[in-house]
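To keep things clear, I will list the structure first and then write my remarks on it.
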Amino acid sequence: MQPPKSCVCVICGVRPAETVDHVPPKCFFKGVEDAQLRTVPACSICNNGASSDDEDVRFYISAQIGKQNPASAALWDGGAYRTITRKLKLRKSFLANTREIQVCEEDGSTTNRLSFHVPFGTYQRVFERTTRGLYFFHTGLILPAAIPVSATMLAGTPNLDTDEIRMLNVEAIGKGACVYRYGVAAEDVNSSLWIYEFHKAHWALVTTGSTE
């Protein structure tokens, strides 16, 4: 599926589109061979200026899901681990906000897991850029800069067996490394809902405009 064309950056909606940007970020698919990723027209500032944020969010996603499957193992070994060893500021922040907690498994047993703080600002920027890009990819419209985009990292798998969720469009890219669901309100095209799933373990919810 080819993205629509635009002479204007679909992320900021202002500067000329001199490059193409991967949405979601290409680094999220480390280790996924021959992945058919999605790109949208973007300016060099929105594109090249986001790589550090992308790497940081990739690390936090990878730290959360661990090596549950070959794809998530490749994400850690091929990218996230290198990021945490190379970026001193990220490593210090992660270690300062990490603690061990006891959680209850589905079978009733308990186990110890690491709990850590994910910087909201970084997470927001990455998922806002991703959503603005995919919004254009699917609608051919640039979401106005004044329209708010709100991202939330979900604690677990959301309930997908509801009428509202079943009505959403479902897309899979990167050989299923990312599955996302989306819907645009018919009465207000600036309002939309997006649910992202990465490596079958990390979930994020994003809304644009008003979805009430």
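Inspect the stretch 56-64 for any residue being exposed (fewer than 14 other Cβ atoms within 10 Å of the Cβ) and out of contact with any strand residue (DSSP E or B) (no Cβ under 9 Å at 6 or more places or on another chain) and give the result as yes or no.
Of the residues in the stretch 56-64, the ones exposed (fewer than 14 other Cβ atoms within 10 Å of the Cβ) are none.
No, because not a single residue in the stretch 56-64 is exposed (fewer than 14 other Cβ atoms within 10 Å of the Cβ) and out of contact with any strand residue (DSSP E or B) (no Cβ under 9 Å at 6 or more places or on another chain).
If you go through the stretch 165-212 one residue at a time, how many are touching a residue at least 60 places away in the same chain (Cβ under 8 Å), among the hydrophobic types (A, V, I, L, M, F, W, C) and farther than 18 Å from Ile142 by Cβ?
Residues in the stretch 165-212 being touching a residue at least 60 places away in the same chain (Cβ under 8 Å), among the hydrophobic types (A, V, I, L, M, F, W, C) and farther than 18 Å from Ile142 by Cβ: 6 in total.
Keeping to the stretch 90-110, report how many residues are part of a helix (DSSP H, G or I), under 22 Å from the mean Cα position of the chain (by Cα) and surrounded by fewer than 18 Cβ atoms within 10 Å (Cβ to Cβ). Steps first, answer last, please.
Taking the stretch 90-110 first, the residues part of a helix (DSSP H, G or I) are 90-96.
Applying the additional criterion that residues be under 22 Å from the mean Cα position of the chain (by Cα) yields 90-91, 93-94.
Then keep just the ones that are surrounded by fewer than 18 Cβ atoms within 10 Å (Cβ to Cβ); that gives 91, 93.
Within the stretch 90-110, residues that are part of a helix (DSSP H, G or I), under 22 Å from the mean Cα position of the chain (by Cα) and surrounded by fewer than 18 Cβ atoms within 10 Å (Cβ to Cβ) number 2.
Go through the residues of the stretch 7-14 one by one and say whether even a single one is exposed (fewer than 15 other Cβ atoms within 10 Å of the Cβ), aliphatic (A, V, I, L, M), modelled with pLDDT under 90 and more than 20 Å from the chain's Cα centre (by Cα). Talk me through it step by step, then tell me what you get.
First, the residues of the stretch 7-14 that are exposed (fewer than 15 other Cβ atoms within 10 Å of the Cβ): 7, 14.
In the following step, the residues that additionally are aliphatic (A, V, I, L, M) were identified as 14.
With modelled with pLDDT under 90 added as a condition, the list becomes none.
Looking for residues that are exposed (fewer than 15 other Cβ atoms within 10 Å of the Cβ), aliphatic (A, V, I, L, M), modelled with pLDDT under 90 and more than 20 Å from the chain's Cα centre (by Cα), one finds none in the stretch 7-14, hence no.
From Met167, Met153, which residue is in contact with a helix residue (DSSP H, G or I) (Cβ under 7 Å, 6 or more places away or on another chain) and more than 19 Å from Val32 (Cβ to Cβ)?
On the way: Met167 fails: in contact with a helix residue (DSSP H, G or I) (Cβ under 7 Å, 6 or more places away or on another chain).
Testing whether each residue is in contact with a helix residue (DSSP H, G or I) (Cβ under 7 Å, 6 or more places away or on another chain) and more than 19 Å from Val32 (Cβ to Cβ) leaves just Met153.
Write out, first by first residue and then by second, each pair whose Cβ atoms fall under 8 Å of each other, whose residues are 6+ apart or on separate chains, and whose first residue, in the stretch 139-160, is at pLDDT 90 or above and surrounded by 14 or more Cβ atoms within 10 Å (Cβ to Cβ) while the second is part of a loop (DSSP other than H, G, I, E, B) and of a type in the set (Gly, Ala, Ser).
Ile142/Ser6; Ile142/Gly13; Leu143/Gly13; Ile147/Gly209
Residues in the stretch 20-40: is at least one loosely packed, with under 15 Cβ neighbours inside 10 Å, of a type outside the set (A, V, I, L, M, F, W, C) and part of a helix (DSSP H, G or I)?
no
Any idea how many residues of the stretch 54-89 are within 18 Å of Tyr123 (Cβ to Cβ) and among the basic types (Lys, Arg)?
The first filter runs over the stretch 54-89 and keeps only residues within 18 Å of Tyr123 (Cβ to Cβ), leaving 54-65, 75, 79-80, 83-84, 87, 89.
Keeping just the survivors that are among the basic types (Lys, Arg) gives 58, 87, 89.
Selection size over the stretch 54-89: 3.
The values are calculated or read from the model by the stated rules, or taken from the named source; none is laboratory data. Treat the numbers as computed from the prediction; the structure is a model and nothing was measured. For neighbour counting, all protein chains shown are included, and Cβ atoms are generated from backbone atoms with ideal geometry for every residue, glycine included.
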